[in-house]
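Step one of this worksheet: look at the structure below.
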Amino acid sequence: MPDSAHPEKRVTHQDIAKALGVSKTTVSLALRNHPRITEAVRDKIKQKAEELGYTPDPMLSALAKYSQARQEKHDPLPLAFLNLQPDPQLIHRNEEFILYLKGAEKMAEELGYRLEEFALAELRAERLDTILKTRSIRGLLLSPGDYSHPVDWGAFPWKDYAAVRLGRSENAPLTHFVTSAQSTNAVIALDAIWAKGYKRIGLVTRHRRRRLFGAGFFWGQYPLPEEQQVPLLAIPWERSVEEKEDLFKTWFSRYRPDAVLSDSELNLPALLHRMGRRIPEDIALASTTIHPSQINAGIDQNPAEIGRAAVRILAGQLNQQQFGIPAIRSEILIEGRWVDGTMLPKR
């Protein structure tokens, strides 16, 4: 045993790093359970630290925390924003997607992260995994997907990552997701339209199983007299533009709504103009999302807040070391707000 004149040398991070052939930084991060280091590497380093008799120096620990806080203010940790669109530029041309991304980037900055974009149209999933691990990225924010061009994920190792989706895209992995409160937003819109004096309100929507504006529309119309209830028009998304317009003309002629709430990709102002209908004199219009829309009245789905909420959840998963596809998913719904416009004035 060493005497007081020659005290036993304290085991350092450098000693552990040398014994394992890794960097001192890797040892430091692993002993702090940092998400940039995989669980297997953390366990290996902790085991070696215990074998060598490592105990943290209280003074050095305090200094390390201070230094880390200063460093992280200037060197934010990366998160991956996975662009799942077949045309990666669509994300940067679509107003709603742009606002998702702006909200996500702002929240990431506030929490000490930064977003790095990766386009899956340009990378195979296996190659993406290699890049992410090389850059020590473990948090993934997934953009809305495209139903007609699903991503081939192959054997992508979801167990190594925390992930959150924007939107309900069914062809994306079944992670936690954040989206608009579609059914609630439909009720908000109906209440606002009725308050302006309209009696027969129709909904024109895309026919997709997990699109829920129709649920709110049905519930909102439930207490009305039968003569005021207008059946919704659900347009199959795979139909041609001409077929979609014909479906709308038939529905409009049969049910004669005085206001239409729409989330379809049809340009209703132009179509109604060709049909000889004036807006808003003959028919009023509202949109389930004004970002983007040719219709200036309707619901602001608060897309920037959807992006912010998604990053908050992702950061929480990383802090709690929650990786992989969850057994029970969380569905976070962001409520929208009504916006007045000239296409739906008070009657």
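The values are calculated or read from the model by the stated rules, or taken from the named source; none is laboratory data. Note that the structure is predicted; figures quoted are calculated from it, not measured. With ideal geometry, Cβ positions are generated from the backbone for all residues, glycine too; neighbour counts draw on all protein chains shown. Heads up: the accessible areas ignore ligands, DNA and RNA and are worked out on the full protein's heavy atoms, side chains in. Shrake-Rupley method; radii C 1.70, N 1.55, O 1.52, S 1.80 Å.
Return yes or no: is residue 155 among the aliphatic types (A, V, I, L, M), closer than 28 Å to residue 307 by Cα and out of contact with any Gly (no Cβ under 8 Å at 6 or more places or on another chain)? Yes; evaluated as a whole, the condition is true for this residue.
Scanning region 252-286 for residues that are of a type in the set (Gly, Ala, Ser), in a loop (DSSP other than H, G, I, E, B) and in contact (Cβ under 8 Å) with a residue 24 or more places away in the chain turns up just one, 264. Each residue in region 237-249 was checked for being part of a helix (DSSP H, G or I) and loosely packed, with under 11 Cβ neighbours inside 10 Å, and 1 of them qualify. Any chance region 259-272 includes a residue that's touching a Gly at 6+ places or on another chain (Cβ under 6 Å), within 23 Å of residue 189 (Cα to Cα) and modelled with pLDDT of 95 or more? Looking for residues that are touching a Gly at 6+ places or on another chain (Cβ under 6 Å), within 23 Å of residue 189 (Cα to Cα) and modelled with pLDDT of 95 or more, one finds at least one in region 259-272, hence yes. In region 205-222, the residue that is modelled with the lowest pLDDT out of those that are aromatic (Phe, Trp, Tyr) and open to solvent by 60 Å² or more (accessible area, probe 1.4 Å) is 222. Can you find even one residue in region 320-332 that is open to solvent by 30 Å² or more (accessible area, probe 1.4 Å), more than 20 Å from residue 195 (Cβ to Cβ) and part of a strand (DSSP E or B)? There is at least one residue in region 320-332 that is open to solvent by 30 Å² or more (accessible area, probe 1.4 Å), more than 20 Å from residue 195 (Cβ to Cβ) and part of a strand (DSSP E or B). Consider region 12-21 and keep the residues that are touching a helix residue (DSSP H, G or I) at 6+ places or on another chain (Cβ under 7 Å) and farther than 16 Å from residue 56 by Cα. The one that is surrounded by the most Cβ atoms within 10 Å (Cβ to Cβ) is 20. The residues of region 192-233 that are within 25 Å of the chain's Cα centre (by Cα) and either of a type in the set (Gly, Ala, Ser) or part of a helix (DSSP H, G or I) (or both), listed by number, are 213, 214, 215, 216, 217. Criterion applied to 276, 341, 336 was being within 25 Å of the chain's Cα centre (by Cα), more than 14 Å from residue 204 (Cβ to Cβ) and modelled with pLDDT of 95 or more, and the one residue passing it is 336.
Considering only residues in region 20-40 that are under 30 Å from the mean Cα position of the chain (by Cα) and β-branched (Val, Ile, Thr), the one that is farthest from residue 159 (Cα to Cα) turns out to be 37.
Pairs meeting the criteria (first residue in region 11-24 and under 10 Å from residue 49 (Cβ atoms), second residue open to solvent by 60 Å² or more (accessible area, probe 1.4 Å) and at pLDDT below 85, beta carbons under 7 Å, at least 6 apart or on different chains) are 13/24.
Residue-wise test of (1) without any contact (Cβ under 8 Å) to a residue 12 or more places away in the chain; (2) in contact with a Lys or Arg (Cβ under 9 Å, 6 or more places away or on another chain); (3) under 25 Å from residue 324 (Cβ atoms).
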| position | (1), (2), (3) |
| --- | --- |
| 100 | no, no, yes |
| 106 | no, yes, no |
| 118 | no, no, yes |
| 126 | no, no, yes |
| 151 | no, no, yes |
| 161 | no, yes, yes |
| 168 | no, yes, yes |
| 205 | no, yes, no |
| 211 | no, yes, no |
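In this structure, residue 37 qualifies as under 30 Å from residue 310 (Cβ atoms) and either at pLDDT below 80 or buried (at least 18 other Cβ atoms within 10 Å of the Cβ) (or both). If you filter region 287-315 down to residues that are open to solvent by less than 20 Å² (accessible area, probe 1.4 Å) and without any contact (Cβ under 8 Å) to a residue 40 or more places away in the chain, you find that the one that is nearest to residue 107 (Cα to Cα) is 300.
Answer with yes or no whether residue 229 is of a type in the set (S, T, N, Q) and touching a Phe, Trp or Tyr at 6+ places or on another chain (Cβ under 7 Å). Against the criterion (of a type in the set (S, T, N, Q) and touching a Phe, Trp or Tyr at 6+ places or on another chain (Cβ under 7 Å)), residue 229 does not qualify.
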